[in-house]
Each structure stands twice: as structure tokens, then as C-alpha cells.
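*Asks:* Mind having a look at this structure? Questions to follow.
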Amino acid sequence: MRIELGHRSFVCHAHALDFARNLFASCIVQRLELNWKTKLCLFSSIEIHLIPSCSLLNFPLIIGRMIRFILLQNRQGKTRLAKYYVPLEDSEKHKVEYEVHRLVVNRDPKFTNFVEFRTHKVIYRRYAGLFFSLCVDITDNELAYLECIHLFVEILDHFFSNVCELDLVFNFHKVYLILDEFILAGELQETSKKAIIERMGELEKLE
Amino acid sequence: MNPFSSGTRLRDMIRAIRACKTAAEERAVVRKECAAIRSSINENDHDYRHRNIAKLMFIHMLGYPTHFGQMECLKLIASAEFPEKRIGYLGLMLLLDERQEVLMLVTNSLKQDLNHANQYIVGLALCALGNICSAEMARDLAPEVERLLQFRDPNTRKKAALCAIRIIKKVPDLAENFINPAAALLKEKHHGVLITGVQLCTDLCKVSAEALEYCRKKCTGGLVRTLKDVANSPYAPEYDIAGITDPFLHIRLLRLLHVLGQGDADVSDLMNDILAQVATKTETNKNAGNAILYECVETIMSIEDNGGLRVLAINILGRFLSNRDNNIRYVALNMLMKAITVDTQAVQRHRATIVECVKDSDASIRKRALELVYLLVNESNVKPLTKELIEYLERSDQEFKGDLTAKICSIIAKFSPEKIWYIDQMLKVLSEAGNFVKDEVWHALIVVISNASDLHGYTVRALYRAFQTSAEQETLVRVAVWCIGEYGDLLVKNVGVLDIEDPITVTESDAVDVVEVAIKHHTSDLTTKAMSLIALLKLSSRFPSSSERIQDIIIQNRGSLVLELQQRSIEFNSVIEKHHNIRSALVERMPVLDEATFIGRRAGSTPATVSTSNGPSLNLPNGVTKPPAAPLVDLLDLSSDDAPAPSSSGADFLQDLLGVDLSPASKQPGISGTNQAPRTGTDVLLDLLSIETPPASPITDILSSSQVYKSPHASLEGLSSPSALSTRAATPAGAAPMMDLLDGFVPNSPISEDNGPVYPSIVAFESSSLRIMFNFSKARGNPQTTSIQATFTNLSPNVYTDFIFQAAVPKFLQLHLDPASSNTLPAGGNGSITQNLRVINSQHGKKSLVMRMRIAYKSNDEDILEEGQVSNFPRGL
């Protein structure tokens, strides 16, 4: 849990949530002689952020640069694909998706394709109404991932022949399967478009 | 057959969901589908399991809970058919992660599938393992993966290599098993296998010194040759990106060379030629080429010194910096930050361009550039750089002002060549972005001003001028009000005018105007208002002729709803009205604040501020500093399933609570005395509080509300006490009362060790108005019970009425209070009240008595409340 009280913020256990609520409620209900600044602090303290115990996204990572997650979202923020290579709680995933969308959706096309996100970096690229976002280490090679997104889009385009958002919605499981042939365990697995398309063809035949 | 599950196909469900116009409709559709899937699961319906999971994956992606489908995934995985396995594994990766216990059940299926004769099924299992492997699975399945690294099918080999990466990240001990097979992969021709092999070697070298040594000796030559081949390879359509053959492979190879060359001059030598070739020959008009160059520069910067290559690298960055593509500029700024440790001069050459980047419209570039500028500042360029940044401060976006202000203030504080410059620049910052300035920054400014005695006049005049234009900047107002209060006379009399100043005439009433505006302005907060009140008091003495007006302003706050202001205004009013003789002495100028103490105090300030200041500095090095040891990383990275919860969290929690406690307490100094109990945070005191009789007077309301604090504290008791104790000790406010309290357990009264039934009387409480004596007696055969006769004596000349004595003890004690002999206490010690108490000590012989008490009475029709703690009980009670 992160509690923000005025300018101070703390990370602490779940009990703290109840604590903050109690504190807040007692101050308001009992009309304590707090000055209004303190009350304001308490109001703002109710903005309590959930941070899962394994908040991988919140810590800088030194070894093993890898992709943390891949998101595919449309302009409205609907998730069309979300692949996490680090374990996160579902609630945290939704928060991440929401935050990433907020970060990328309103950026000027002239701006960089990189946004800092918590202690990591999101490399995103927009194709029509779709945003492809990769979360990587802050020190990783951004340009390479930019190229990586493009390659993935080319593969999708090739596979669905002229891909559009609806293809991705109705064949979302196929998109995941393609991704699994392209990236595994947060690392690039295959760099040849042809090889991936062929592999997908072989697998489809077994269905 | 189930009427629902037969109904919709996956496609139909998606269509139905897409047709929903509102979120409520969507929820209804999803609810219906989930109900159908659940009942289908309950009926153990084989035919639709496959489809159900596919639907659940879609529902999961929309953000609805789907945990009930987890077991179904496992059933699908266990089935023999490829299509079912495929969807099962896909569901497994999406609906579960490595932390679910259900995953334990899947290890066996994975093992079987890894050994399956069908290579496609092996591929599925490897894929799942790579994405959700936990440490336990890693240990169980490492031999299979190791074997698959030598499998004939390249698709399997590359998947196995990536699984191996995941395994060694989870369990670094397993690294040595993979060294030989991984090195073998480096000789592959198949790009997919080669790239995963290179990646595996890179990660192996990071977790294992043995692997690093092995690769340096055996693989460097081969890798350099491979890179040369790839760089010189003719057009290969399969891997071509923007005219370059497989840039990803380039980058991975450079990265591995980086790891091998770092810290080894011989290995670095081997790769010089190829690095020079890549750095000079790579096509730079496409992103792919720049990505390679970027990686190449990074490798050059980190391998052992080679002057020529470094010059080449810095030149590449210079070119990047002047590129029109924002992405490339961003990358250049990032790299220059690393280069700064290598060659500061070279980076300084690009200073002008970098400062321009601070003003970019793109927040990502601005942020990087600002951090770089911060690193570039030194004594010689601080003045022009600060000037430029402050000028930009006017025009910058609101959301960037916070960062920018913090950096500027930090630069000014760190490099200011003289005090007058420091003051000037800080005033500029305050007038531009005073609302973004942190408290400690303006506190520091006041300390500096107070130390610069020859600049007092100059500063107060400058602040007066700044106030006229920027009265909306809270911190500027505070500093101005403080200085006018202290040095108002210098302002009016134009003392110590410097040559650079414009002459200015300020009358006494102008100066008072400033403070009046500050105190009356609706946006002023409590601190500003309180500071203004004090400034007014000071001015009333400095400007005798304006005294009456000042008094008027002060009186206006008599009715303030804020206790602090109300009290101060009444006090100050009476100082002005009644105490002319002491006033001037009372409001003398503050003694010079000690800079060293201030800085020291700031350095030792709360961890919260330390951690916030750590934030940017942690980001800053960006690889400049050597990374700390690997095990730490392991904690943070993939191994969350087997990582123990950080033991410090308990302490943090406690400290947080204390911190939270503190803030309300310290914000209400008028009543903080009564609030001490929750501050100490020791359970003994909490116990005391919990058995207190319900308080009646308004002040005690606070006490009762502080019982609210009790419940979380109580849950705290389960936390490890050593860490808790150390945290308490670290919180200065909490420490003192606690020590006090502990004294209660230590026999500190000079009573003889005589364990007889007779105990000496003690004075349990004594103030100027009241004395309480305790006489003790113990019945024989019942050592736990002590009878106490309390005698109350009135030492004041007034009669006390409605006299009530209350006492409270910790939980290990039981207390019975008999009625008092009277509730009226005659004046001047003529007579007394007695009251009998009985205390049962359940820990007799181990713990001494301790008691808190509260005495309420009326004297001259005024409610009086006194409190005390008895800790000098004789030993052995």
C-alpha cells in the first residue's frame, strides 16, 4: 500500500488502509480541532494506491533487460492484447493498462516514441487507431524495440493480409499465438517474418 | 445438454459484446456468458471446454475476473489432442501467473509434454514454461530444457534457449549446467537459434562469473567473426530491414561483446576493429541503422579504454543530437549522460544544444535534457546556465515547473559562488515558481539570508519589490514576510544600499501593507498567516507609530477558526497592549541561524524526503555506476514467488504509522501535549488509554479519538519487535516519551530492598497547586494485590470543587477505585481528600506498577485538568 499524506508518502501493509480510513473518518466525524491544512492532507491521503507485493514495475532492474509487457490498445483504451512477462495482480494489470493508455494516447506524433513509465520505459508506436506499447528497462535500446514493434505489425499484416482492428478482436487468440512465436519470456525469439508465418501455417494445419 | 453453453460461439459472444452500447449492457452479457461457462464447467462438459477457455480469455482481456476457469486450463493441457493443448497452454499463460498455487499441478504435465514425441507439443510446453516458470518449476524442469537445447529442430532449440534464460534468472545456481550447450548455440547458422543463443550467453555471463570467463576465452573470436559476417552479409530478403541484414542480431551480438569486453582489456582489443567498422559503415538514415549505432556506442563506452573509438562514439552522439528525429535526439541525450563520466569535455561542447532540448515541447526529451544539464553544471558555467534555466522557467509548462524548479534550486544551492548571487537567483525562482518550491528550500534561503548580515537591507528591499509583482507565490510571500518582520527597519530607512540597487522609498505603512495583504489573502495558508502574525508583532516594535494599526490587524484574527491563529493573535495583542516594557526585548531580531546545524538537520531528516530525493539520483546514473550485486536483482525480478517478503516492511509500516500520527499532532501545537500518548506508539500506553474512563471535557475529545489509532497499533504488536523498536528510536518525537515510560519499569526510587509488607509512602504527583501522596499496604498471603490510599492536598489559595481523580494502568494490572471521601478540597492545605485504590498485579515480581492519572476539578469556576504519570512506585508491589 502506498499512502500519501501531504508531501510524504509511505508504502506499507494492508492494515494501513483501514488505519487511514479510521484516521480520516475520526477527524471528519468528530470535528477535531485540526487545522484545515491537516484536513486537506487527510483528504488527499484517501488517494491510496495499490501496489502489489511484487511491484516489479516500480524498481529499476539491473540485469536481464527484458520486455516486461506488451500492450495493444485502441484509442479508446480498449485492450486488444496484453501479454505480461512479469507476474502482476489483475488489478495492477488494469491499472498499468489504464496508465499506459493515458500516457500514449495524447502525445503529439512529432514527439518521441518513448515515455517514462514508473521506473521503466514504454516504447510505443501508433498504427491507425491502434497503439502498440512495449515496456522495457530504462537503459534498454529504445530504437531496437521500435523496430521490433514494426516487425510484429508486419507479421500481423502478412498473416491477416491487410490487418485491421476487427481482425485482431475476432482472432485475438491467433494474435497471442503469433506473439508467442515472436517473443518468448520477454526476449526476441525469431526475427524472420517468413519463418514465423510458415510456423503459424504448420501449427494451423494441426488444428 | 446445457441450454446456454450450446448457444453462443466465441465469435457470437464477441459480436454480442461489441454490440453493447453501455458498460452496463456489456456487464450483463459478460455475466450471462460467465454463468453459462460456469455451469458448463460444473457439468464437466468436454466438448465445450476448449471454447469456454477461449471465451474466458476474451472476458479476461476485458477486465473481468476469470479465476474459475483456471482448472479447466489444466484439464485441457492434460488432454492428448494438440488443439486442446494449444488453447489450454494459451489460457494458462493468460489466466494464471507463476504465483498461483494451481501452477504446482501443471509441472507434471509440462514434464510429460517436454518429453513428447511431437515437436509441436514440445514447443507449446516450452513456450508456457518460458512465460510462467517459477523457481520450483525451474529446478524441476531444467534437465529437460538442457536436453532440448540440443534438439534437432531449430524451433525447439531457440525456445529452449529462451526458457533457459528464464530458468537462470529464477535460479542462478543452475547457470553452470547451461554454459556448454549455450556456447554451442553460438556456432549456429540459423538466425533464430543464434539470436536466442547470444541472448542466453549474455544472461549467463551476468549471473555467473564462470560463464563469463568461459565465454571470454572460448567465444570472443567466434562472436567477432559472426558479427563481421552479419555486417558484411549481402542482401538477405528474409532478414532484411531497411537495407540491413537482421539489425536485431547485430544488436544482440554487440550487447554480448559489451558484457565480455567490460573489464577485460585483451577481449576489448579483439573487438576494436569490428566495432570501428560498425561505427563507421552503418547506414544512418533509417531507424534500424541508428539502433545498431546506438548499441555500438554503448559497447564502445563500456569496454576497456580505446581513445580512438571513444572519439568516434562521441561524434556519433553529436550527430544524433543534431538529428531532426526526436527519437534519435532522445537517445543521444540518454547516451551523453553515460558519456559524461568518460569524457566530460566532449559532452560540454554540446551544452548549448542540450540546453535547447530542455525547452523542447516533448516531455520525454525535456526530462532527459534537464537531467543532463544538471550533470553538466560546474563552477565555471553555473551562472549562464542558471540564467537560461530561470528564463525558461517563465515559459515552461505547469507540469514541468516542479521538476525544473527542484533542479534549479539544487544547482543554485550546490554551486553558488557568492551569497548575493544565491539570494538573487532564489528570489527569481521564488517569484516565478514559488508555489513549486519545497519547504526545505525556502527554509535554507532564510538561513542564508540571516547569515548574510551585510545583505539584509538589500534582500528585504528586493523581496519587497518582488512581492509587488508576484504576491501569488506562496513561498515568496513567506520569505518576504519573514524578512520584513526581521529587517523592516532596514527597509524603511534604506540601510546598506548597494550600488547595483535602484533607490526605493518605502514608508512604514507600506511595509505593514505587505504583511496585511499576506495575512488577509484568501490563498494564504496557516503557515503564511502565522508567519505574518509574528512579523506584525515584530513590526509593532520596530515601527512604534504604526503600532495601533498593527494591533488592529492582529485583533482581526482573534475570531479565527484556527486555534493556532486565534491563540497567537490574543497573546500578541496583549503583548502590544500590556507589556510595553518587555516588548522590544521580546521581538529582537532573530539570532543568526546556524548554517551547519540546519544542513545537518536536513541531512538527517525523515526517510520520506530522503527517498524522494533518491528517486532522480537513482535514475541518473543510468548505468554510469556499476550495478550492485546480482542477488538483489533477483529479488526484484522474476523470482517473486520464492522471494521472502522484505523484512523491513514491518518497520516501514510502523514508521508510517508513527509518521501519520505525528502529522496531526505536530500540526496542532496548542493541544499536542494531550496527544502524546498515540505518538509514543508503545502498547503499554495504548493499554492505558484503552481503559480510560470516557472523558467529558472538550480537550479530552482528542484523547478519545486517539483511541482510534489504537486498533492498527494493536495489530502492530504482531510485527517483529526489534525492528519496531529501532524504528521508534529513529523517530525522535516518539523516542523521548517512550524512554520516559520505560523508566516506569525500572526501579528508580531509592527504596531499600526490604521485601516486608511495609512500603514507604511516595509523592505520586506534585504541582504548584496539588499534591498526591500514596500510602501502600499489602495483605499477607496475597502479594499480587496492593491497596493504595491516595491523599490529595490542595496547595493553592482557592477551594477546589467537583474534584475527580481518575487513574489508568496497563493491561497486566487491574485497578479498582473506591469512592473518594469528598469531592471538595479545601484551600491552602487545610484538609484533604482520601481515596482508596486496589491494584492487582498479574505479573507480580516481574513488572513494577505503573500508572497514569488525571485529575479534574473546578477552581474559581474554571475547569482545570492535570495529568501525571506515576513511575516511582516502590519495588516489589
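*Asks:* For the range B:324-358, how many residues meet the condition of being touching a Phe, Trp or Tyr at 6+ places or on another chain (Cβ under 8 Å), within 14 Å of chain A (Cβ to nearest Cβ) and within 22 Å of residue B:396 (Cα to Cα)?
*Replies:* Matching residues across the range B:324-358 total 4.
For (1) touching a Lys or Arg at 6+ places or on another chain (Cβ under 9 Å); (2) modelled with pLDDT of 90 or more; (3) within 9 Å of another protein chain (Cβ to nearest Cβ), each residue gets a yes or a no:
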residue	(1), (2), (3)
B:99	no, no, yes
B:102	no, no, no
B:111	no, yes, no
B:122	yes, yes, no
B:144	yes, yes, no
B:157	no, yes, no
B:166	no, yes, yes
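*Asks:* Scan the range B:59-74 residue by residue and report those that are in contact with an Asp or Glu (Cβ under 9 Å, 6 or more places away or on another chain) and assigned to a helix (DSSP H, G or I).
*Replies:* B:59, B:60, B:62, B:67, listed by residue number.
*Asks:* Can I ask one more? List the helices (runs of 4 or more DSSP H) that sit entirely inside the range B:119-190 and contain at least 3 residues that are under 20 Å from residue B:252 (Cα atoms) and among the small types (Gly, Ala, Ser). Before the answer, list the steps.
*Replies:* Details: elements: B:119-132, B:135-148, B:154-170, B:175-185.
In the range B:119-190, the matching helices (runs of 4 or more DSSP H) lie at B:154-170, B:175-185.
*Asks:* Which residue, of B:480, B:444, is modelled with pLDDT under 90 and either out of contact with any strand residue (DSSP E or B) (no Cβ under 9 Å at 6 or more places or on another chain) or of a type in the set (Asp, Glu) (or both)?
*Replies:* Only one candidate qualifies: B:444.
*Asks:* Right, another one. Can you pull out every residue in the range B:839-863 that is surrounded by 19 or more Cβ atoms within 10 Å (Cβ to Cβ) and either farther than 17 Å from residue B:770 by Cα or among the aliphatic types (A, V, I, L, M) (or both)?
*Replies:* B:839, B:841, B:848, B:849, B:850, B:851, B:853, B:855, B:856
*Asks:* Report every pair of residues separated by at least 6 positions or lying on different chains whose Cβ atoms are under 7 Å apart, first residue within the range B:119-142 and in contact (Cβ under 8 Å) with a residue 40 or more places away in the chain, second among the small types (Gly, Ala, Ser) and surrounded by fewer than 24 Cβ atoms within 10 Å (Cβ to Cβ).
*Replies:* Cβ pairs passing all conditions: B:135/B:639.
*Asks:* While we're looking at this one, here's another question. Here is a check on your reading of the model: is residue B:771 charged (D, E, K, R), modelled with pLDDT of 50 or more and part of a strand (DSSP E or B)?
*Replies:* Taking the combined requirement at face value, the residue satisfies it.
*Asks:* Do we have any residue at all in the range B:486-493 that's surrounded by fewer than 17 Cβ atoms within 10 Å (Cβ to Cβ) and under 25 Å from residue B:411 (Cα atoms)?
*Replies:* no
*Asks:* Please go through the range A:165-207 and give me each residue that is touching a strand residue (DSSP E or B) at 6+ places or on another chain (Cβ under 9 Å) and under 25 Å from residue B:13 (Cα atoms), ordered by number.
*Replies:* If the condition is that a residue be touching a strand residue (DSSP E or B) at 6+ places or on another chain (Cβ under 9 Å) and under 25 Å from residue B:13 (Cα atoms), then A:165, A:168, A:169, A:172, A:175, A:176, A:179, A:180 are the ones that fit.
*Asks:* Restricting the search to the range B:60-75, which residues are of a type in the set (Val, Ile, Thr) and either surrounded by fewer than 21 Cβ atoms within 10 Å (Cβ to Cβ) or away from chain A (no Cβ under 13 Å) (or both)?
*Replies:* none
*Asks:* So which pairs qualify, if the first residue must be in the range B:20-40 and closer than 16 Å to residue B:10 by Cβ, the second must be among the small types (Gly, Ala, Ser) and part of a helix (DSSP H, G or I), the Cβ gap must be under 8 Å, and the two must be at least 6 apart or on different chains?
*Replies:* Taking only residues 6 or more apart or on different chains, the pairs are B:29/B:16; B:37/B:69.
*Asks:* Which one of the conditions (1) within 34 Å of the chain's Cα centre (by Cα); (2) surrounded by fewer than 23 Cβ atoms within 10 Å (Cβ to Cβ); (3) not basic (Lys, Arg) does residue B:369 fail to meet, given that it meets all the rest?
*Replies:* (2)
*Asks:* Report the residue count in the range B:251-266 for those that are modelled with pLDDT of 90 or more and open to solvent by 10 Å² or more (accessible area, probe 1.4 Å).
*Replies:* The qualifying residues number 4.
*Asks:* In addition: If residue B:507 satisfies every condition in (1) free of Cβ contacts under 8 Å to residues at least 24 places away in the same chain; (2) buried (at least 19 other Cβ atoms within 10 Å of the Cβ) but one, which is the exception?
*Replies:* Condition not satisfied by residue B:507: (2).
*Asks:* Taking the options B:548, B:472, B:516, name whichever one is in a helix (DSSP H, G or I) and surrounded by fewer than 16 Cβ atoms within 10 Å (Cβ to Cβ).
*Replies:* B:548
*Asks:* How many residues does the range B:846-862 hold that are in contact (Cβ under 8 Å) with a residue 24 or more places away in the chain and more than 45 Å from the chain's Cα centre (by Cα)?
*Replies:* Going through the range B:846-862 one residue at a time, the tally reaches 4.
*Asks:* Output the residue which, of all residues in the range B:42-55 that are touching a Leu at 6+ places or on another chain (Cβ under 7 Å) and not basic (Lys, Arg), is surrounded by the most Cβ atoms within 10 Å (Cβ to Cβ). Give the steps one after another, and end with the answer.
*Replies:* From the range B:42-55, those touching a Leu at 6+ places or on another chain (Cβ under 7 Å) are B:49-51, B:53-55; that's our starting set.
Pick out the ones that are also not basic (Lys, Arg) and you get B:50, B:53-54.
On the way: B:50: 20, B:53: 30, B:54: 21.
Going through the qualifying residues, I end up with B:53.
*Asks:* Please work out which one of (1) crowded, with 16+ Cβ neighbours inside 10 Å; (2) farther than 26 Å from residue B:166 by Cα is the condition residue B:39 fails and give its number.
*Replies:* Single failed check for residue B:39: (1).
The values are calculated or read from the model by the stated rules, or taken from the named source; none is laboratory data. Note that the structure is a prediction, hence the values are computed from the model and not measured. Cβ sites come from the backbone with ideal geometry, for glycine too, and all protein chains shown count toward neighbours. Each accessible area value is taken on the protein alone, full model and side chains, heavy atoms only, with ligands, DNA and RNA left out. Shrake-Rupley method; radii C 1.70, N 1.55, O 1.52, S 1.80 Å.
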